[in-house]
Amino acid sequence: MRWRLGAAFAVLTVVSLVGAGWWWLTMIASGGATPPSTEAIAMQAAAGVSTEEAEGEGDGAPPQVNTVHWLLLEGARNSADAAAAAASAAAARDKYCGADFPHAFGAGAGMDDPRNAQLAAHEKTVLAEQSRQLSLSGDELARMTAALLQFDVGQVTNIAEQTADPLVYGLALRLCRKVDMPACRSLTPARWLQLDPSNAAALWQLAAEAPTLAETRHWLGRAHEATHATVLKGRLLKRVVDSGVSDPRLLLPIANRTMGMDAAESADFFHAASRVCGRAAPADAALRSVCQGYAKDAIRLQTSIEDRGLAGVFADRMLLPTDGLAVTPAQLVETMRRYTVMRAGRASPEEGLSCARTQYSVALDVEAATTGDLATFLRRGGQLPTPEEAEASMPRKRAPLTAGL
């Protein structure tokens with residue numbers, strides 16, 4: 001499987017994944033579509049869904065070159081030494097986007113720009129060297145990260161077949177869902193579940209891939225007994241950062257690669273539950289109650305803003321009563337929208353895809369990978385919506401129903 005590197009991939013990763021997010025969220029929340037794969041989201045963005053169209057009003061602040069620290073691992077926006085943070089941001093900008101590859105994030109740079117070959121060569125060298133260093137580590141996660149950075153499917157499967165670590169196995173399984181190679185056929189969600197029987201993520205994958213509706217319902221029901229859902233997104237980037245990588249020239253190629261793999265995740269719960277329950281609450285009261293139970297399980301078990309937002313979309317469709325819930329489905333959806341806007345940043349048409357904006361988005365992902373996306377959202381000034389604000393923002397085609405229906 002060949003993955004395109006270079007400036008065009010950097011553009012697609014950072015902008016399309018965050019800029020198009022609210023477009024498809026609006027579609028599925030209103031009942032107009034089921035969530036596509038994230039590759040399809042990227043293609044939709046490339047086809048003309050602009051970041052400006054995807055962004056809402058009044059959420060987040062535009063990233064400024066002189067205040068955005070490349071890493072922000074310690075929250076540079078809240079740092080007592082703002083001058084040092086600004087100097088670090090300027091140095092990072094000049095090292096990657098200034099003197100070396102000034103075209104990479106400028107308006108009008110096309111995929112056929114000859115300088116892209118230089119950038120692609122740089123990224124290939126960086127990924128090879130970082131993979132080499134990680135492969136020398138004694139821990140399986142580092143070696144798995146090294147293999148995934150190189151898309152060495154043989155090594156990925158070799159590590160997975162020998163591991164007892166459900167995280168390491170899950171990362172390998174995620175890659176193998178997207179490539180049609182014989183080496184991948186030995187990896188299964190059933191084995192992932194065997195390694196961690198309380199992992200709802202494995203149960204939801206089994207549900208999504210089940211050949212019959214009865215089996216889908218079986219695995220969704222089993223998730224009620226789960227204690228957690230293993231999170232794969234951000235784990236590769238976190239392992240790289242934990243190894244001490246901090247130079248922007250090294251971090252951006254790595255972030256491009258790991259975010260691309262994160263974007264390949266499937267919304268297994270949403271697909272499986274929608275297969276059983278449909279796009280709207282079933283008229284049959286017994287089935288509707290079962291579907292509302294699926295929604296409660298997802299809200300309880302999911303931990304990332306994006307996954308909880310999708311759980312909120314499904315719960316809203318199933319008319320889940322809000323009594324007894326710590327947050328309403330609409331609040332989960334609106335929080336996801338606000339986080340998407342924050343992650344995308346802002347740029348004027350004249351600015352194009354600026355270096356500062358790209359650094360900002362990748363820096364936010366680094367911070368989220370190391371400290372959690374909700375903590376990152378709040379630390380950067382994000383505001384959790386009230387139930388009333390969230391309800392007013394829901395892109396429904398139907399009128400909201402009263403609780404307890």
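Percent of Cα pairs in region 121-169 per distance bin of 10 Å, from zero to the largest separation: 29, 54, 15, 2. Highest-first packing order for the peptide set 300-309, 379-388 is 300-309, 379-388, based on the mean count of other beta carbon atoms within 10 Å.
With all distinct Cα pairs included, what does the Kirkwood hydrodynamic radius of region 229-348 come out to in Å, to one decimal, could you say?
Numbers: mean 1/r = 0.0617 Å⁻¹.
Computed over region 229-348, the radius equals 16.2 Å.
For H228, the residues whose modelled amide H falls within less than 5 Å of its own, excluding neighbours fewer than 5 places apart on the same chain, are A200.
Can you compute the FRET efficiency between S186 and T125 using 1/(1 + (r/R0)^6), with r the Cβ-Cβ distance and R0 = 35 Å? Round to the nearest 0.05.
On the way: r = 32 Å, r/R0 = 0.92.
That pair, S186 with T125, gives E of 0.65.
Think of each Lys and Arg Cβ as +1 and each Asp and Glu Cβ as -1; about the Cα centre, that makes the dipole of region 262-351 roughly 240 debye.
Tally Lys/Arg at +1 and Asp/Glu at -1 over every other residue whose Cβ is under 15 Å from the Cβ of L232; what's the total? It would help to have the intermediate numbers written out before the result.
Working: positive: R174, R177, K178, K233, R235, K238, R239, R257; negative: E140, D165, D196, D262, E265, D268, E306, D307, D365, D373.
Counting the neighbours of L232, the net charge comes to -2.
Once the other residues with Cβ under 14 Å from the Cβ of E306 are scored (Lys, Arg +1; Asp, Glu -1), what is the net sum? Combined, the nearby Lys, Arg, Asp and Glu give -2.
When the accessible area of region 146-212 is computed with all protein chains present and a 1.4 Å probe, what percentage of it is carbon and sulfur?
Details: 1230 of 2580 Å².
Answer for region 146-212: carbon and sulfur cover 48 percent of the accessible area.
Compute the Cα gyration tensor for region 172-230, then decide on rounded, prolate or oblate, letting a ≥ b ≥ c be the square roots of its eigenvalues: rounded whenever a/c is under 1.5, prolate when a/b is larger than b/c in the other cases, and oblate in all that remain. Oblate shape, in that a/c is at least 1.5 and b/c is the bigger or equal ratio. For region 234-298, the solvent-accessible area with a 1.4 angstrom probe is 33 square angstrom per residue.
The values are calculated or read from the model by the stated rules, or taken from the named source; none is laboratory data. Treat the numbers as computed from the prediction; the structure is a model and nothing was measured. When we count neighbours, we look across all protein chains shown, and the Cβ atoms used for this are built from the backbone with ideal geometry, even at glycine. Only protein heavy atoms, including side chains, enter the accessible area calculation; ligands, DNA and RNA are left aside. Shrake-Rupley method; radii C 1.70, N 1.55, O 1.52, S 1.80 Å.
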